[in-house]
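Structure first, commentary second.
The values are calculated or read from the model by the stated rules, or taken from the named source; none is laboratory data. Predicted model only: the values in this text are computed from it and were never measured. Because the Cβ atoms are built from the backbone with ideal geometry, glycine has one as well, and the counts that use them run over all protein chains shown. Keep in mind that these areas ignore ligands, DNA and RNA; they rest on the heavy atoms of the full protein, side chains included. Shrake-Rupley method; radii C 1.70, N 1.55, O 1.52, S 1.80 Å.
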Amino acid sequence: MPRHPNSHGAQTRGTIVRAAADLASVEGLDGLSIGRLASELAMSKSGLFAHFGSKEDLQLAAIEEARQRYVQEVVAPGLAAGSGITRLYALCEAFLSYIERGVFPGGCFFASAMAEFDCKAPGPVRDRIAECQQEWMNTLERAAQDARAQRQLPAGSDPQQLAFELEGALLTANWYFHLYADPGYLGRARRAVQARLASEATPTGRRALRPAPRTGEAGETGNGERMTQREKR
């Protein structure tokens, strides 16, 4: 019989997959093993095996946890912000906020997973990473299509190209922010997103765009650097 979602077993499994996703964002999905996770959680290997029979099962569960967290922290807030170019901007801002708040200790889970698996042979883990990333790109593209339909972008605008360029700014910000521990790269990405959208928007679209963030806004330190959620703690 299926377990009740509030059963002890389900709660334990939830704890395991949350820890697995966090750990994989730092050490990679290939670094995720039953033994490594058992040590991290102070659990027995046999206890973990009761929930995941293989490393691949554990990896796929970590990806699904990361996908759900991404939807909650990035996609849902972006979609709730409005439509058209407003939504497109909000999706990008939600991604940068997700990085800034340290939702995953290693930065964007999927950015790490793509870098780890992009050149590996196709398989269930690599394929699922690719599917999740395509879902995100489709979300950006649909927002751009909606902006074009609302005449906030010109009729000749290419939604797929625009989504690709915006994603480039977001991924670069994620990697540089963590490599150099410098929040200034998030500000650069915000300015890049604003400038890219403004450069292609129609007058109607430019009126719908929010102004770019400015130095001195709430959440920044006295020297103008924005603190991450981890630094505040």
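Residues in the chain average 51 Å² of solvent-accessible surface per residue, probe 1.4 Å, ligands and nucleic acids excluded. Accessible surface comparison of ARG207, ARG191, probe 1.4 Å, protein chains only, largest first: the order is ARG207, ARG191. In this simple spin-label model, placing a label point 7 Å from the Cα along the Cα-to-Cβ direction at both ASP182 and ASP118 gives a separation of 2.1 nm. The share of accessible area on segment 25-73 that comes from carbon and sulfur is 48 percent, using a 1.4 angstrom probe. Taking all protein chains together and rolling a 1.4 Å probe, CYS132 ends up with roughly 10 Å² accessible.
Distance from the Cα centre of segment 53-70 to that of segment 119-163, in angstrom? Centre-to-centre distance over Cα atoms comes out at 22 Å. With semi-axes defined as the square roots of five times the eigenvalues of the C-alpha gyration tensor, the equivalent ellipsoid of the chain measures 35, 21, 16 Å, largest first.
In terms of its C-alpha gyration tensor, segment 97-220 has an oblate overall shape, because the principal axis ratio a/c (a ≥ b ≥ c, square roots of the eigenvalues) is not below 1.5 and a/b does not outweigh b/c.
For GLN11 and GLN133, the FRET efficiency from 1/(1 + (r/R0)^6), where r spans their Cβ atoms and R0 equals 25 Å, is about 0.25. Electrostatic bookkeeping for SER39 treats Lys and Arg as +1 and Asp and Glu as -1; over the other residues with beta carbon under 15 Å from its beta carbon, the sum is 0.
Between SER44 and ARG196, residue separation times 0.36 nm minus the direct Cα-Cα distance comes to 49.6 nm. For a paramagnetic label modelled on GLU27 (point 7 Å from Cα along Cα→Cβ), amide N atoms under 19 Å away belong, within segment 116-148, to 116-117. Summed over qualifying helices (DSSP H, 4 residues or more, each -39500 (n - 2.57)) and divided by its residue number, the chain shows a 222 nm mean residue ellipticity of -21000 deg cm²/dmol.
Taking all protein chains as they are arranged and a probe of 1.4 Å, the heavy atoms of ASP146 leave approximately 50 Å² accessible to solvent. GLU64 sits with roughly 60 Å² accessible to a 1.4 Å probe, with DNA, RNA and ligands left out of the calculation. Across LEU60, LEU166, the residue with the most accessible area heads the list, and the full order at a 1.4 Å probe is LEU60, LEU166.
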